[in-house]
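To start, the structure under review is shown below, and the notes come after it.
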Amino acid sequence: SGCNPELLRSALKPVKKLNLLQPEQLEAFESFPDLMEIAAKRVAQDELLLVDAPDEFLDEILSSFMKDPVMLPSGHYVDRPTIAQHLLNDSSDPFNRQPMTIDDVKPATELKAKMDAWLAGKQAAQMSDD
């Protein structure tokens, strides 16, 4: 998925041959595939950290790890972008269909602190394993 580093590397030859980029642009283009591979590895490592996340850390609609958890008026927890997207199409709480706006959601600060502590522990354990 996404951009293929090998495809970018293969594009270097014609870019150089046809003189399509200025020297500083060419240097950046040449380094891009390596930077992309590093970023992809980091994303994969981060995703592995979240594999065994407790259910309470998962968005109740998408079942994905929340980055900005909020509590809905119905008491359910979702990620802020999830409910913001939902409210663009439907101005009701998705769990009980009661009218609501984005102003009705409350930051789940205690849950966020718990999630951050759990994630920090996982990252520390990963670093000690490396």
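The values are calculated or read from the model by the stated rules, or taken from the named source; none is laboratory data. From a predicted model like this one, the values you see are computed outputs, not experimental measurements. Note: ideal-geometry Cβ built from the backbone for every residue, glycine included; neighbour counts use all protein chains shown. Heads up: the accessible areas ignore ligands, DNA and RNA and are worked out on the full protein's heavy atoms, side chains in. Shrake-Rupley method; radii C 1.70, N 1.55, O 1.52, S 1.80 Å.
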Could you look through region 72-130, keep only residues that are polar (S, T, N, Q) and not in a helix (DSSP H, G or I), and pick out the one that is most open to solvent (accessible area, probe 1.4 Å)?
-> Q98
Taking the options L35, L20, name whichever one is open to solvent by 80 Å² or more (accessible area, probe 1.4 Å) and assigned to a loop (DSSP other than H, G, I, E, B).
-> L20
Filter region 23-32 down to the residues that are open to solvent by 50 Å² or more (accessible area, probe 1.4 Å) and free of Cβ contacts under 8 Å to residues at least 24 places away in the same chain, then identify the one that is farthest from D79 (Cα to Cα).
-> P23
Residues of region 49-65 that turn out to be open to solvent by less than 30 Å² (accessible area, probe 1.4 Å), in contact with a helix residue (DSSP H, G or I) (Cβ under 6 Å, 6 or more places away or on another chain) and assigned to a loop (DSSP other than H, G, I, E, B), as a count = 1
